[in-house]
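Down below is the structure, laid out as C-alpha cells.
Just so you know, all these numbers are worked out from the coordinates, no wet-lab data involved. None of the values given here were measured: they were computed from a predicted structure. Heads up, the Cβs are rebuilt from the backbone with ideal geometry, glycines too, and the neighbour counts pull from every protein chain shown.
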Amino acid sequence: MARIGIRTEDKSRWEARAPLVPDDVKRLIQDYHLEVSVQSSRTRVFTDEAYRAAGAEVTDSLADCPVIAGVKEIPPELFEANKTYVYFAHVIKGQSANMPALRRLLELGCQLIDYERILDAQGRRLVLFGPFAGRAGMIDSLWALGRRLQHEGVTTPFAEVQPAHRYDDLAHAKRALGRIGGLIRRDGLPEAVRPLVCGFAGYGAVSHGAQEIYDCLPVEEVPPDQLGSVGSSGTLCYKVVFKEEHMVERIDASAPFQLQEYYDYPDRYRAKFFPYVEHLTLLVNCIYWEPKYPRMITRDHLRRFYGGNARPRLRVIGDITCDVGGSVECTVRSTTPDNPVYVYEPATGKTLDGVAGDGPVILAVDFLPCELPVDSSNFFSRALSPLVPALARADFSRALADSGLPSELQRATIVYRGELTEPYRYLHEYLG
C-alpha cells in the first residue's frame, strides 16, 4: 500500500498547523486505501489521538515513509536519501537562508515539491494559507491600532480587540469584531482618529482575507483617487484597495500603464504610492514582491514624512507579506505572536518593541496563519488532500512526465531525483 508521512513542525513553538487534518486523513485511508503515518507532536493543534481515531499510525519516526508532507521549512540534517518532501520550501527567490536545505536535497537525490508552486493552468495558486494570513494579520493590525491609540491617550473600541491567537477560532474573532463594529455605529469614533482609513495594498487571496475581517466593521469603500475628499464620519471606517496602477507609473509617461509590461519589465516603472500614505490611518500590505519591483514605502519616504511638525495620520503598518527590507522597507525584522509589533523610528532607523515611539507601528509576524491553526489547517487540507492519492502512488523512478504526478504537482516539483527541474534551474546561481 502507498504510504505518506506527516511530520511534526519544529521551526517555532507557535507552529500548530498540519498539512492534512484528521478528517481528511480518515477519508484518504478509507476511500483510497492509503497508509498514513503521523509523527507525534505536542504542539500540533490536532492531537495524536485524533489521528489514531482517523486510522493513522502515530509514530516518532517517519523512516518508512517515502513521501513526507509538512508545513514549514525542514532542517537539512533531517532529510533522507531519495525521499520526496512536500512543504513550503521558500527557495524560489533564491532565499539564502534556505539554500543549504536545497543543496542537501540535491545531494541526497530527493524530490522537492513546493506548495507555493502548486498552480492551475492559469498560474493561480491552489494550495495555500493566504486567506488566513490576511485574516490573522488584519485582526492583529486592529489590535495594534487599538494599543497605539490607547498609548496616545485616545480611547476607541479597538482597545477591546485581542491578537488573533487569543480567539478560539475565526468565528469567535468575527463575533468579537462585530460587537466592536456595533459600538462604532452607536457611539462613533473620537475626533482625533477621524476619518479612520485603512488601505489594502493588493487584491489577491491575502487581501481578501484581510478585507473580510475589516468588513466586520461599519465600512465604506472609497477609490484611491478620492482619498483626499473622504468625509469625517465617526460612525464609519473607510476602506481603499490599491492595485498595481496605483502603486507604480511608467517612467516614460507617453505610454499608458500596462500590467503585463510591468510584470515583464519592471525597470520601466517607478513607485508613485507614497502620496496616498498621508491619508491612511492603517496600511495593510498584501502584495507579492521581488527586488526587481519598486518599493511602496522607503526609509527615506518615512524620514521626510515623520520629520515635520505635524503628527502623521499613519499609526500602523500591518505587513502581512513580511518581506524584510522589501516592499515596505521599514519592515527591518520579523516578529512572533507573543511580541508582534515594534515602532520603526525614521529619524534613527532604530526599532522599539511595542507601540511607543516616533514612527509607525510595524506588525511583521511571518507565520500569521498559525494564529488560527484549526481553521487554517482545515482550509489547507481540503485543498491538498485531493492531490495526495496520486502523490503517494507516484513512481519516482520514472521521468517526471511519466511519474504519475498530476500536472499541478509536476509544476510544483523543484527538485526531481536530485536535479533542479527545468523551470527552476535558475536557482543554480544562488547555490554557489
For the pair Ala383 and Asn82, how long in nm is the line joining their label points, each one 7 Å along Cα→Cβ?
3.3
Under-5 Å amide H pairs with Ala16, H placed in peptide plane, nonlocal only:
none
Report the paramagnetic label zone for Asp64: residues of the stretch 8-51 whose backbone N is under 12 Å from a point 7 Å from Cα along the Cα-to-Cβ axis.
35-38
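Please compute the length gained on full extension between Ala356 and Asn339, using 0.36 nm multiplied by the number of residues separating them and subtracting their Cα-Cα distance.
On the way: separation 17, 0.36 × 17 = 6.12 nm, distance 1.36 nm.
Residue separation times 0.36 nm, minus the Cα-Cα distance, leaves 4.8 nm.
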In whole angstrom, and with the biggest value first, how far do the Cα coordinates of the stretch 1-108 range along each principal axis?
41, 31, 23
Which far-off residues, 5 or more places away or on another chain, put their amide H under 5 Å from the one on Val248, with H placed in the peptide plane?
Lys272
Taking only Cα atoms, what is the 0 to 90° angle, nearest 10, from helix 373-384's long axis to the longest principal axis of the chain?
50
Prolate/oblate/rounded label for the stretch 291-432 (Cα gyration tensor, a/c 1.5):
prolate
Lys and Arg at +1, Asp and Glu at -1: neighbours of Val58 with Cβ under 10 Å from its Cβ sum to -3
Given labels modelled 7 Å from the Cα in the Cβ direction, how far is it in nm from Asn309 to Asp267?
4.5
Select from Ile251, Ile414, Ile287 the residue whose mean-square fluctuation is largest in a Gaussian network model of the chain (Cα-Cα springs shorter than 10 Å).
Ile251
Beta bridges per DSSP with both ends in the chain, % antiparallel, nearest 5:
30
Where does each of Met99, Met1 land when they are ranked from fewest to most other beta-carbon atoms within 10 angstrom?
Met1, Met99
Could you check how many percent of all C-alpha pairs in the stretch 305-386 are farther apart than 22 Å?
35
Ranking of Phe129, Phe396 by count of other Cβ atoms within 10 Å, fewest first:
Phe396, Phe129
Within 15 Å, Cβ to Cβ, of Glu249, how many net charges do the neighbouring residues add up to if Lys/Arg are +1 and Asp/Glu are -1?
0
By Cβ neighbour count within 10 Å, fewest first, Val67, Val316 rank Val67, Val316
Go ahead and run the numbers for FRET between Arg42 and Glu290, Cβ-Cβ distance against an R0 of 60 Å, rounding to 0.05.
0.95
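As a test of the definition: which semi-axes, in Å, follow for the stretch 130-371 when you take the square root of five times each eigenvalue of its alpha carbon gyration tensor? Largest first, please.
27, 19, 19
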If you consider only alpha-carbon coordinates, what radius of gyration and Dmax does the stretch 322-369 have, in Å?
10.1, 33
quick note, the stretch 45-155, DSSP beta bridge pairs, % antiparallel (nearest 5) is 10
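If you average the sequence gap of Cα pairs under 8 Å that are 6 or more apart and divide by the length of the chain, what percent do you get for the contact order? It would help to have the intermediate numbers written out before the result.
Details: 875 pairs, mean separation 80.8, N = 432.
For the chain, the relative contact order is 19 percent.
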Can you give the FRET efficiency to the nearest 0.05 for Arg52 and Gln226, using r as the Cβ-Cβ distance and R₀ = 51 Å?
0.35
Residues Glu422 and Val219, FRET efficiency given R0 of 45 Å [Cβ-Cβ distance, rounded to 0.05]
0.45
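Peptides 299-306, 398-405: what's the order by average Cβ count within 10 Å, highest mean first? Each step should come with its number before you reach the end.
Working: 299-306: 16.6, 398-405: 14.8.
In descending order of packing, they fall as 299-306, 398-405.
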Between the Cα axis of helix 22-32 and the main Cα principal axis of the chain, the angle (0 to 90°, nearest 10) is 40
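Please give the contour-minus-distance gain from Ser407 to Arg175: 0.36 nm per residue of separation, less the Cα-Cα distance, rounded to one decimal in nm.
Working: separation 232, 0.36 × 232 = 83.52 nm, distance 4.05 nm.
Full extension from Ser407 to Arg175 adds 79.5 nm.
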Semi-axes, largest first, in whole Å: what does sqrt of 5 times each Cα gyration tensor eigenvalue give for the chain?
40, 26, 19
